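One structure is given below, encoded as structure tokens.
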Amino acid sequence: MANPVMTPIPPQPPMPPRPPRSIAGAIVLILLGIMFLMGTMGLANWHGLGLLFGKFWPLLLILWGIIKLVEHEQCKRAGVPGRGIGVGGVFLVLFVIMAGLIATGVTHVDWGNLRDHLQIDDSDFNDMFGGSTFNYNGDLTNPLPAGANRLEINDDRGTVTVNVSDDKNVRVNWRKKVHAENQQQADDYNKKTEITFVPSGKGAVLNANTQAAGEKGISTDIDVYVPRELAIAITSRHGDITVNGMGSGVEVNHQHGEVNINDLVGNATLNVEHSSARLQHVKGDVTIQGHVNEVDVEDVDGAVHLEGEFMESTRLVHISKTVGFHSSRTDMEFARLDGRLDLDSGDLRADSLLGPLRLTTRSKDIALEGLSGDLRLEDTNGSVSIGLQKPGNIQIDNRKGDVQITVPPKTALKVEARTHEGDIQSDFDEIKVDSQGRQASASGSIGTNGPRVAINCDKGDIEIRKGTVAVAPPAPPEPPAVPGKPTKALPAPRAKPVESEN
């Protein structure tokens, strides 16, 4: 039996060497870990780390690319194939890119302005992002330069209160809140934001200097005491402003808060954004412009001019001279206000108002009582009610709303009224009403040589009513005579304005 022939097994070729593992991902992870470790250990604040990452995150991709290029050249010299990025590397690159783009977008946000618009208090902001609030306070006194007549006050964040002082110096009491990670950091920010007082021309500049801390949550409340005759100019971005008893002009540029001016002898000029304005007892002119939340102006011996957008209510009381109101919806001017005017988004009500009055508005119900002088009124989508006292020439045009005028006794008028898709009613026999289908007209004269009243209405009714005379209340009894002291006659009571029957 023959021996079988054994076929030799060919030797297996050697396995190619495996390429070394890339260290690019590991280095990027180490750098990210170091950054997070610095934040958790308090070696750096999160805000600063976020700004750093938002600006320089592309360096991580550049570093990754350089490492991969070096590794590729090493593998080429060793004759082994280089490794690709791999699935894990792809996910890490995508994470770095997405996180970097988000961080960059966040760094471009004006957080101070956003905080103001959302009306977030500093303490709320601090609670959301951690850290603590550290309080500082102090005072300073500076003499005014010779001949100084003006003081500029700049306080980006914090309340400003200005009061009259008996001396010729500028005295400041200040209270500061600093948001920081620790006491040392707070002390550093406090030193950076010291209040400065710098002479400038015929005046001086007082700067709370809160901007020196950048985006940190720092606010400085200041109480300023100045000579009465010093003109005041205040610039503030967030915080209330109060000025009391000054004897010269006041200028305010303000955002997000409330401006209060009381007992001013001089003109007041306010440029505001999303702020409210309250002024009382002003012997001068008042100008308010910008985007205003609420306006309350009372007892002004000069003129009042309001221009801009008024988001909430406007209240005027006792204005001795011309009043002008100009917004995107309402344009109004009149000569004087002896009573009160209230204006909001849907209503305009006033009493004891002196014309000539020019009023153009829309989507408002208008009620004017005790109107004297000329009137030119245009309205749309609102009712109009006018109580006349000593009328001049009157022109009323109203679309999609009713019109009612009330005429006091013994008042001469020449009336012409027309309406489309409405009715006309009159309490006066002298006014003849003619209704034909969807049209109605009325004309006639009450008394002789009276001013002209013209009313045009579209899709609304017209009413012409008689007013009644208010009976004056009886005079109060005189006080009993005091021996040795002359009696003083009481002034006669003022008669109430004419009231409407309706």
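The values are calculated or read from the model by the stated rules, or taken from the named source; none is laboratory data. Just so we're clear, the structure is a prediction, and the values are computed from it rather than from any experiment. Please note: Cβ atoms are built from the backbone with ideal geometry, for glycine as well, and neighbour counts cover all protein chains shown.
Candidates Asp331, Asp365, Asp299, Asp351: the one that is over 24 Å from Val250 (Cβ atoms), among the acidic types (Asp, Glu) and not assigned by TED's automatic domain parsing to the domain that holds Gly467 is Asp331.
Test Arg362 against the criterion of being under 25 Å from Ala303 (Cβ atoms) and surrounded by fewer than 17 Cβ atoms within 10 Å (Cβ to Cβ), and give yes or no. Step through it out loud before you land on a result.
On the way: under 25 Å from Ala303 (Cβ atoms): no; surrounded by fewer than 17 Cβ atoms within 10 Å (Cβ to Cβ): yes.
Against the criterion (under 25 Å from Ala303 (Cβ atoms) and surrounded by fewer than 17 Cβ atoms within 10 Å (Cβ to Cβ)), Arg362 does not qualify.
Looking only at the stretch 163-191, residues that are farther than 30 Å from Gly249 by Cβ and surrounded by fewer than 16 Cβ atoms within 10 Å (Cβ to Cβ) come to 6 in all.
In the stretch 329-363, what count of residues is obtained for those that are within 15 Å of His305 (Cα to Cα) and in a loop (DSSP other than H, G, I, E, B)? Here the count works out to 2. Note on the stretch 379-421: among residues that are of a type in the set (S, T, N, Q) and crowded, with 19+ Cβ neighbours inside 10 Å, the one that is farthest from Ala350 (Cα to Cα) is Thr419. His281 fulfils the conditions (1) surrounded by fewer than 16 Cβ atoms within 10 Å (Cβ to Cβ); (2) at pLDDT 95 or above; (3) in contact with a Ser or Thr (Cβ under 6 Å, 6 or more places away or on another chain) except for a single criterion, (3). Quick one: in the stretch 254-267, of everything that is assigned to a strand (DSSP E or B) and over 11 Å from the mean Cα position of the chain (by Cα), which residue is surrounded by the most Cβ atoms within 10 Å (Cβ to Cβ)? Only one residue fits best here, namely Ile261. Checking the stretch 250-272 against the condition returns a match, with at least one residue being farther than 25 Å from His326 by Cα and either at pLDDT below 95 or of a type outside the set (S, T, N, Q) (or both).
Within this structure, Asn207 fails the test of being modelled with pLDDT of 95 or more and out of contact with any helix residue (DSSP H, G or I) (no Cβ under 8 Å at 6 or more places or on another chain).
I'm trying to understand the selection: among the residues of the stretch 62-85, which are modelled with pLDDT under 75 and closer than 20 Å to Leu31 by Cα? Those that are modelled with pLDDT under 75 and closer than 20 Å to Leu31 by Cα: Trp64, Lys68, Glu71, Ile85. Among the conditions (1) buried (at least 16 other Cβ atoms within 10 Å of the Cβ); (2) at positive phi, Gly245 misses just one, which is (1). Just one residue in the set Leu144, Leu92 is surrounded by 15 or more Cβ atoms within 10 Å (Cβ to Cβ) and modelled with pLDDT of 80 or more; that residue is Leu144.
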